[in-house]
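Report on one structure; see the data block that follows.
Coordinate-derived values only; no laboratory data. Everything numeric in this text was worked out from a predicted model, so none of it was measured. Cβ atoms come from the backbone with ideal geometry, glycine included; neighbour counts cover every protein chain shown.
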Amino acid sequence: MKRKHKIIVIWMIVVGFSLLTWLVINKNKKTTTTNATKAKNFQNSQEVNNKEQVPLLNQSQDDGSFYIEAETGKLYKAGEYSHVGASSRGAEAYLGDGGATVSYLINVPQGKEGEYDLKIKIFDDGKHPDGTRNATIYLNDNQYHYNHISKAINNWFWEDIGSVKLKAGTNEIIFMKDASTPGAFVMDAFKLTPIN
Ligand SMILES: [Ca+2]
């Protein structure tokens, strides 16, 4: 082989090797980035899932009462006409389907168990007859009821359910729409105030 040819062969080997090295490094870089993105996406999806799966554990306020936004609940057995979240009215629990439920967890400190007054902040436009928006309320082993009396208020208002029992520790309160009707049970928030 002539000297000139030798130089050309060596030059080609060096260039070829450099090119190969560059390709391997870039491929690794790309894989690392993809894995990081995948991990981040997975983490985000887990956070979203957790938000959907686990209702917030609601803590008492300074005066010992509980004020709970309806949109923080976990929705079960929702059909086409039930949702929890934003609407033109604000943020709410909207139960249109019979059997649709929304659930909340309430953490009652030791010594603060007992009788509480339950008030629900609901919506009515008066366009549906009495009973259309009826809902049953389950609180631990007890059962209460919201009897819908049609009111053309067209805004939020407070309805008193009455005295309910909270135990120390975690309580679960569930609101269930009684039947599939043209009018939903629409709740903005609810409040539990200790009865002394
Ligand atoms: Ca709300």
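Things worth noting here:
- Neighbour-count order for Glu80, Glu172, fewest beta carbons within 10 angstrom listed first: Glu80, Glu172
- The modelled label-to-label distance between Trp11 and Lys77, using points 7 Å beyond Cα along the C-beta direction, is 8.1 nm.
- Both numbers refer to the Cα atoms of region 55-111; Rg and Dmax are 13.3, 42 Å.
- Rounded to the nearest Hz, the phi-derived 3J(HN,Hα) couplings of region 104-115 under the Karplus curve 6.51 cos²θ - 1.76 cosθ + 1.60 (θ = phi - 60°) are 9, 10, 10, 9, 9, x, 3, x, 9, 6, x, 7, where x marks glycine and proline.
- Under the simplified labelling scheme, the Thr136-Ser163 pair shows an inter-label distance of 2.4 nm, with each label point 7 Å from Cα along Cα→Cβ.
- Backbone HN-Hα couplings from phi across region 150-157 [Karplus 6.51/-1.76/1.60, Hz, Gly and Pro as x]: 4, 9, 8, 8, 6, 6, 6, 8
- Under-5 Å amide H pairs with Gly131, H placed in peptide plane, nonlocal only: His148, Ile149, Ser150
- Paramagnetic reach from Trp156 (point 7 Å along Cα→Cβ, amide N under 19 Å) across region 84-105: 84-96, 102-105
- Viscosity 1.306 mPa s, 10 °C: Kirkwood-radius Stokes-Einstein D of region 115-191 over Cα pairs, µm²/s: 122 µm²/s
- Contact order, relative form, for region 57-194: 36 percent (alpha carbon pairs under 8 Å, 6 or more residues apart, mean separation divided by residue count).
- The residues Thr132, Thr101, when put in order of fewest to most other Cβ atoms within 10 Å, stand as Thr132, Thr101.
- For Ser87, the residues whose modelled amide H falls within less than 5 Å of its own, excluding neighbours fewer than 5 places apart on the same chain, are Glu92.
- For Ile161, the amide hydrogen comes within under 5 Å of the amide hydrogens of Leu118, Lys119, Ile120, counting only partners 5 or more places away or on other chains and with H modelled in the peptide plane.
- Footprinting exposure proxy for His128, His5 (fewest neighbouring C-beta atoms within 10 Å first): His5, His128
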